[in-house]
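Report on one structure; see the data block that follows.
The values are calculated or read from the model by the stated rules, or taken from the named source; none is laboratory data. What you see is a predicted model; the values in this text were computed from it and never measured. With ideal geometry, Cβ positions are generated from the backbone for all residues, glycine too; neighbour counts draw on all protein chains shown.
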Amino acid sequence: MAPPDRLERVTDLLLVLLDTGRPLSLREIALRVPGYPDGHDARRQAFERDKKLLRDEGVPVATEPIEGDDQIGYRVDPDAYYLPDLGLDLDEQAALNLAVAGVHLGEPIGREALSKLGMGGRWPRRGAPLPVVDLPLVDGLPALPALFDAVRSRAVVGFGYRGEQRSVDVAGIRFRGGHWYAVGWDRDRQQARTFRVDRIEGLPVAGDPGSAAVPDGFDADEAFSRDPWHFGTGSAVEVDVVVDAAEASRVVTELGADAVVDRADDDSVVVRLVVTDVDALVSWVLDLLDHAEVLGPPEVRAAVVARLEAVIGAGARP
Amino acid sequence: MSPANDTATRLRRLLAILTWLAQEGEAPIDEAAARFDLTPAALVTELEMAACYGVPPYSPDELLEIIVTDDTVSTRMGTALARPRRLSPREGLALAAAARALLAVPGSDEDGALSRALVKLERALGDPSVEVELDTPPLLETVRGALDAGQRLAITYYSASTDQTGERVIVPRHLFASEGHWYVDAWCEVADGVRRFRVDRIASAAPAGPGPSEVVPDPPPSGPTAGPEGDRDVTGTAPRGAYVPGPESRRVRIAVDPAMVWLLETIPTAVAVDGEGDRPVWEVFVGGDAWLERLLLRLGPDTLVLDPVEDRELAPSAAARILDRYRPNPS
């Protein structure tokens, strides 16, 4: 007789573990699931391989202490394994599938997720191809899923950032300008803070579910300040910058039309920025080369001039 | 054993088929096979085997009901292996982020189905508060419209790597967002080749008649990140996003202020090389003088170009040029 297919053994194991109301010892499992070798060591080895396969596939195989000689039992809690049906209508399923097709996450993880929800396999193509969006998700961002899990389980997280240990109640995760950010309440600083996820050092360590204490009225969108020149802690100053036609369109796209206070016939624009970090603003203005000029206030204009003179001075040194 | 047929892959595929089939109720064998990249015979074999799984004292029917006829396969909703399963944090994040990202693309959810799907998904995930913002350059819709209609566009384009504004006629081929910006790969009639343009640097765009009737097959989009600047020749090169060399491109080695390393870390092509004492040394791929000028000015005065030494002149001369705006010299 041909040896039983391993897929059959693994599938049966999954069925038995799901169906049992109490943890089963390996001996009990071997009685119910055909295909395990007879010898104790060989059986243990085969079972451990199957258990690892199931866990690698995301099946929550729990290990629990039991009475008796075997001491350890195994089961899969159906509540931890199944998702309540989302009740997605057909058009909603199609829309989610399009999102997964159009957004490149750097790996097939979106497809795997759809499969678990009953939307696996290929979808027929229809209509014009959508624009494609690249979202860096897991490549180089091991902290991101952990932060996501912390937000949904309302758990406080600890992580290293700029060489310091932070303890943060994360209120939300935001993607902007090509980067992921975590927005939350920094417990040690007692302030709303934004952290760039790719600069988090190591893996965040989450506390118990429900341990987060985001202050009442905390607004993640408000806390996630719009622009880098807002990240500073100085007092806010309004800065006017004139941008010529070559860069005007891009700058207005970046800042939003609300920032425009004047438009000239030559298609240049004057934009007004609320700045708490003058260095960050100077950096932003210099990125526009001679297509932009700070009009005022004088101290910010002076900061730009000082930076330019320092660069010229450094170039003159031997 | 080939990776496509190892046990984990087969289990994953079996569960995917059953969970899908449970929602469909019944499906033609051909359709189900095509959907999961199997031949009809392979699909039938796999499902017929699975129909025999299940162990006493539970009858297979209770756990796993699969019916294979001559033309169709079906299963029953609610059987143990056909119910939707919980998502891992990575999977949940992937789905929520993908939906959010597409919603951030103007005009992508006109019937609202994606928004409704997202509400249901986020409720099941525990309201994780994930948001995705994408730029919406004013001419994005114009470019997308031309792409969908196969139209030529006459554009005014500012190239940041050369600091030049010019007129071109382009035929858009691919539109994509990467690293916070929208790009369009398009046939450029001036250059007679495929070029990449950053949409927010297109200052104006006007329809210029139908594009060529012969449609060049699209290369499959691939690769994560975006290229550095918008106007490189991308014909047959590197996946979207990889660095695309141009005539002025070169490697430049710089020593920087340690406090400014974060800025280099945001540049996809920048790599740290050996440090000199306490001054980190980095190598960047430079597309054009103007691009390097911007970088050096932002890095500040404590930056030294190590190689090529001719590039040491760039930052001071750019600084002097900008300073002219602040101190107009009457001449």
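A few points about this structure:
- Residue within the stretch A:38-51 that is surrounded by 12 or more Cβ atoms within 10 Å (Cβ to Cβ), within 17 Å of B:Arg12 (Cβ to Cβ) and touching a strand residue (DSSP E or B) at 6+ places or on another chain (Cβ under 8 Å) present: yes
- Only helices (runs of 4 or more DSSP H) whose full extent lies in the stretch B:87-156 are considered here, and the ones with at least 3 residues that are facing chain A (nearest Cβ under 7 Å) are B:89-103, B:113-125.
- Helices (runs of 4 or more DSSP H) fully within the stretch A:42-118 that include at least 2 residues being charged (D, E, K, R): A:90-102, A:109-116.
- Filtered residues of the stretch A:163-178 (kept if under 16 Å from A:Val103 (Cα atoms) and either out of contact with any strand residue (DSSP E or B) (no Cβ under 9 Å at 6 or more places or on another chain) or aromatic (Phe, Trp, Tyr) (or both)): A:Phe175
- Within the stretch B:283-303, being of a type outside the set (Asp, Glu) and either in a loop (DSSP other than H, G, I, E, B) or facing another protein chain (nearest Cβ under 8 Å) (or both) holds for B:Gly287, B:Gly288, B:Ala290, B:Arg294, B:Leu296, B:Leu297, B:Arg298, B:Gly300, B:Pro301, B:Thr303.
- Being assigned by TED's automatic domain parsing to the domain that holds B:Ile202 and of a type in the set (A, V, I, L, M, F, W, C) holds for only one residue in B:Ala154, B:Ala117, and it is B:Ala154.
- Neighbours by Cβ (under 7 Å, 6+ apart or cross-chain): first from the stretch A:249-260, under 16 Å from B:Gly180 (Cβ atoms) and without any contact (Cβ under 8 Å) to a residue 60 or more places away in the chain; second surrounded by 20 or more Cβ atoms within 10 Å (Cβ to Cβ) and basic (Lys, Arg): A:Arg250/B:Arg201
- Of residues in the stretch A:81-113 being exposed (fewer than 13 other Cβ atoms within 10 Å of the Cβ) and farther than 30 Å from B:Ala177 by Cα, the one modelled with the lowest pLDDT: A:Pro84
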